[in-house]
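Below you'll find the structure, written out as structure tokens, and then a few comments.
Nothing in this text is a laboratory measurement; each read-out follows from the coordinates by a stated rule. This one's a predicted model, so the numbers in the text were calculated from it and none came from an experiment. Note that each Cβ is placed from the backbone with ideal geometry, even for glycine, and that neighbours are counted across all protein chains shown.
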Amino acid sequence: MNKPESQLQVHLPSTTKQKGDAAEDRALHHLKAQGLKLLQRNYRTPGRGGGEIDLIMRDNDGTLVFIEVRNRANTKHGGAIASVTLVKQRRIVFAAQHYLLKLRHMPPCRFDVVAVEGDAMQWFKAAFDA
């Protein structure tokens, strides 16, 4: 028995984690369309107090790109880009250093931020330095 359209429910992300995952999915799709290749998603360092990187990708020129995806419903309190504080940057850099230990050769690297605010998305290349 099929429900009439008026009774169908659309399941939108409801928890903060679900909203963050949906923003990451959008960012990943956009970055792939720009030619970046996904190497790893949600990379975490072992132990407590470590860091996490949302997306690790390779750009067309070979640069290893560590990407933080920030999602905010609106621009109050500075919006998504302002939420990447110095403390958050340090944790991302720590996780990137840990990731780089596994590689034989040190590639060029950069730290990008994808800010998602509602339907809008902005990609900030080289948003901060290590």
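Taking the Cα centre of the chain as origin and assigning +1 to Lys and Arg Cβ atoms and -1 to Asp and Glu Cβ atoms, the resulting dipole is close to 420 debye.
Comparing Thr45, Thr16, Thr63 in a Gaussian network model of the chain where C-alpha atoms under 10 Å apart are linked, the largest mean-square fluctuation is found at Thr16. For the pair Thr63 and Ala120, the difference between a 0.36 nm per residue extended length and the Cα-Cα distance amounts to 17.9 nm.
Counting lysine pairs in segment 15-128 whose alpha carbons fall under 22 angstrom apart, excluding pairs fewer than 8 residues apart on the same chain, gives 10.
The gain in end-to-end length when the His29 to Lys88 segment is fully stretched comes to 18.9 nm, 0.36 nm per residue minus the alpha carbon separation. For the pair Lys37 and Leu101, what calculated FRET efficiency results from E = 1/(1 + (r/R0)^6), where r is the Cβ-Cβ distance and R0 = 25 Å, to the nearest 0.05? It comes to 0.75. Short-range pairs are left out: with C-alpha atoms under 8 Å and at least six residues apart, the relative contact order of the chain is 21 percent.
Segment Arg44..Ala22, full-extension length gain: 6.0 nm, with 0.36 nm per residue of separation and the alpha-carbon distance subtracted.
The alpha carbon convex hull volume per residue for the chain rounds to 159 Å³.
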